[in-house]
Structures are given as structure tokens and as C-alpha cells.
Amino acid sequence: MASSRGWKIAAVLMTVLLLAVIACGAYLLMGGFGGSGFGRDLPIEQTVELDSDGPSDIYEMAVDDVAFEGPAAGILPAKLAGSTETVDEDGIVHGVTPDGIRYTVHGRGVSSQDAGKVTLVAAGDQIATDNSMPIADAYAGSVGDGKYDFTPFYQDVAPFIGGFDLRYINQETVMAGADRGFSGYPVFNGPDAQARAIADVGFNLVNFATNHTYDMGLAGIERSHAVWEGYPELLIGGSYLSQEDRETVHMIERNGITFAFLAYTYGDNHYGTAANFPNSYYVCGFDKALIEQDVRRAQEVADAVIVSMHWGSEYTVEPNAQQEEYARFLADLDVDLVLGSHAHIMQPTKYVTGDTGNTVLVIYGLSDFVSGWTLTDCILSGLFTCDFVWNGEGVDLENPVWYPAIEWSDGGDVRVRMLKDMTEAEIDANTRTRDVGNDSKYLRDFLDAAGMEIPVVM
């Protein structure tokens, strides 16, 4: 009798253990135990039909543990209802809407660092110059060993940048390979370590539409994209390898809010204007008809549209006529934020109103962030920050701030530092600013005259 009872107890225990194993496995498949939810934890290339009446069971399970304030409050963003999606091995969502719009989503189901808002930080140009490459060479170890490391340039600002959800930078120069020879001005080709630094610092939005993208020809663009493919966490804008990819809306998601990222350049140093480019996708140029198509397509599937514009007159603080024209044009298209580069000098941040009455915040010029230059006006840059807050129907841009920064050294490491983190004595001790005297006063006067329409913190 006792033996029979023991067998029964053992059978019950085995059943409970089996059920626990099954439940644990199901929980892991649904993104549990710290998983990222609908992304890397789903089977590769699993197709999910997204119901217009609500999320599928798979999606609903995947977001059960995601707490955020967004357009869908834990369910599929409404603009993507009815879409068919797959998830690749890097966790990137690839989808097609019922209307045939192709899109990708980086960060599906990822919460923001602050549940009440999605934050953004934007830096200017990273350029592989005849000045910055020797510094990166020394940072990597023995000089001349063929190794480079641009990450130490960011050692002081990386923690600040990492505190934001959306992190933008302009990659000015291509990575065509060491066999082409590394070179600075006027035809640039830099080490692959540029991409590694961008990823290591934590940027996730990268403009790659510049006047130097064609510097090493079509092969240089193709080689650069092969490098970018090694960093799938980066959303690269403004340069694509096919027309289909250019017409795909590429988005990043935080708190269920989707942000489309578009990027364009006025032209380049080889072909001149965008009208002469070999195609419309290796580098996206200024073409109002195509830009409007891109924006309208993005607005069909995204909650907000961020646009990067490579424009302006080099080494000139004031925006030129083309910048002002395209800023009004983008305001008329009702984009949500414009981030500018190319002038190699800080240009003002202004609210621009178009003919329709729409207003957009335009950072005309973010300046050079990492360049190795020793011209004060070029190495004075900054970090632009803002918040995107869900209003029930879309996003509002709030709390825009400019944090001035500068490439700095006291004779040792060369790195970017924010002015707010330095004393006047430290600012004045910068060995990279030999073209000016009394640095702290010079920089204050420059910033006071810059025409910034947002707070400047220094």
C-alpha cells in the first residue's frame, strides 16, 4: 500500500515538473525573462498577420511586459494595422501595409528611458581627416600599425549621449577600404573604425547623405554599406543600395511611437547638383518632388518624421537662401524635426513657418563634432536635445536645448567636451584653439551672436 502511494506521488511530481518545463519554454518564446519581446526573441523570418481590429496573439503576448505611454498603449501602432511583417535575425521588423508601403522598424517593443517621453540627442559631423586619423591611429596602439580607434574622442560625452533614446550623428566620409588608401581633404576615405565608434558610443540614427559620399565612387558607397551591415543596430539614412530600399520607410520605435528617418544632400563635390547623380538612391539629393513623396509615404506609417539635411555655405554662420527655402518647404510638409549639417560651423536653431502655417524646428548646422581640426569655429559644436511627447494623436516636440561642446586637449588626449562641464580656466587651456585668445570669452560671444531660438546651456 505504501509502495503504491509512493508511485502515485512520484507520478504527480513528474507531471508538475513537465508542465513547468512547458510553461517555461512558452514564456521564453514570448520574450520573457528579460527578453526584448517582438524582435530578437521571435523565430527568424516568422510572418505575422496584423489584424486591423487589434494585434495578433503573437504580438499581444510579445508586448505583455512592455510598459509605456504611446499611441497604442501596449498594442500595435494603429498606422500599421493590417500589415504583414517578418522579423530578421537582427530583430529588425520588415513589413508591408495593405496599401503596399514597405517599412522597417528598429526597436519594436523597446521602452524609452523615461516612460513619459521619447528623448533625442543630435551631434554633428564625424570626419576622417588628415588631422583626426593620426589621432585615431595613436588611440588604437602603435602608430602606423593600420589600426584606428575613434571612440576615445567621445570619452567625455558618451555617458550624456547614452542617456537619450534617439541618438543621431552625421557620418561625413566614406569607408572604401584600406586598399584604396586613406585620405583626407579634398577626397576623403577613412577607416572602418568610424562605424565602430558610432556603434560603440550608442548612436542609432546616422546620416550618410553628404557631399563626400561619392568621393570614392560607387564602389566606395557599396563598400561603406558592407561596413554598415556589420552594425545592424544603426539606422542609416540618405544612402541605399536599391530604389526599393530608398522607397522603404525606415523607422525606429520607442514606447510604441514610430519615428521615420529621412536624409538628403544638396549635391556633392563630383557631380555637383543632385540632378546629375547616377541614380536617386546611392545618395538622396535635393529634389522637392521626390522628397515630398518620401515624406508623404513616411507619414502614412510613422507617427513622426525626422529629416536630416546636408546643406548651406561652408564656414558661414548664417543660413543661405537654399536652406531657408527648403526649411519652409519641409515646414509645409509638416515634418517634425530638421537636423542640418555641412557648414562645418555652428549655425542657428530656429522655428521656421511655411506658407501653410506649419512650423518646424530647424537646426541649421550642428557643426563638426569629431574632425581633429584646430580652427576654433569648426571644432565648436554642440549636442542638440529635445523630447517627443505623445499627445493622443501624434507627438509634440518639447524642451529643445543646445549644449555647446568643443574638441579639447591640454596636450594629452584629444576629445570632445561640453562647455557646461568645464571651468573657464579649462576652456582657456584648450591647445586646439590656437587661432583665438581668451577662449571662454570668444566662445560666449560667438554663441550670443548665433541667433539661437532655443535655450543654450554652458
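Worth pointing out:
- Within the range 290-316, being among the hydroxyl-bearing types (S, T, Y) and more than 16 Å from S239 (Cα to Cα) holds for S313, Y315, T316.
- Going through (1) closer than 30 Å to A115 by Cβ; (2) among the polar types (S, T, N, Q); (3) surrounded by 19 or more Cβ atoms within 10 Å (Cβ to Cβ) one by one, Q347 falls short only on (1).
Conditions tested, residue by residue: (1) assigned to a loop (DSSP other than H, G, I, E, B); (2) more than 15 Å from the chain's Cα centre (by Cα); (3) over 24 Å from A178 (Cβ atoms).
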position	(1), (2), (3)
T213	yes, yes, no
H225	no, yes, no
E233	yes, no, yes
L241	yes, yes, no
E244	no, yes, yes
H250	no, no, yes
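- Restricting the range 292-317 to residues that are without any contact (Cβ under 8 Å) to a residue 60 or more places away in the chain and farther than 24 Å from E393 by Cα, the residue that is surrounded by the most Cβ atoms within 10 Å (Cβ to Cβ) is M309.
- Filter pass, R223 being among the charged types (D, E, K, R), touching a residue at least 24 places away in the same chain (Cβ under 8 Å) and touching a strand residue (DSSP E or B) at 6+ places or on another chain (Cβ under 9 Å): no
- Any chance T353 is in contact with a Lys or Arg (Cβ under 9 Å, 6 or more places away or on another chain), free of Cβ contacts under 8 Å to residues at least 40 places away in the same chain, surrounded by fewer than 23 Cβ atoms within 10 Å (Cβ to Cβ) and over 23 Å from A274 (Cβ atoms): yes
- Scanning the range 141-157 finds no residues that are over 30 Å from H270 (Cβ atoms), touching a His at 6+ places or on another chain (Cβ under 9 Å) and not in a loop (DSSP other than H, G, I, E, B).
- Selected residue (criterion: surrounded by the most Cβ atoms within 10 Å (Cβ to Cβ)) from residues of the range 207-264 that are out of contact with any helix residue (DSSP H, G or I) (no Cβ under 8 Å at 6 or more places or on another chain), polar (S, T, N, Q) and within 30 Å of P77 (Cα to Cα): N207
- Failed condition for L290, given (1) part of a helix (DSSP H, G or I); (2) touching a strand residue (DSSP E or B) at 6+ places or on another chain (Cβ under 7 Å); (3) of a type in the set (A, V, I, L, M, F, W, C): (2)
Laboratory data are not the source of any read-out in this text; all were calculated from the coordinates shown. Everything quoted here is computed from the prediction, not taken from an experiment. Cβ: placed from backbone, ideal geometry, glycine included. Neighbour counts: every protein chain shown.
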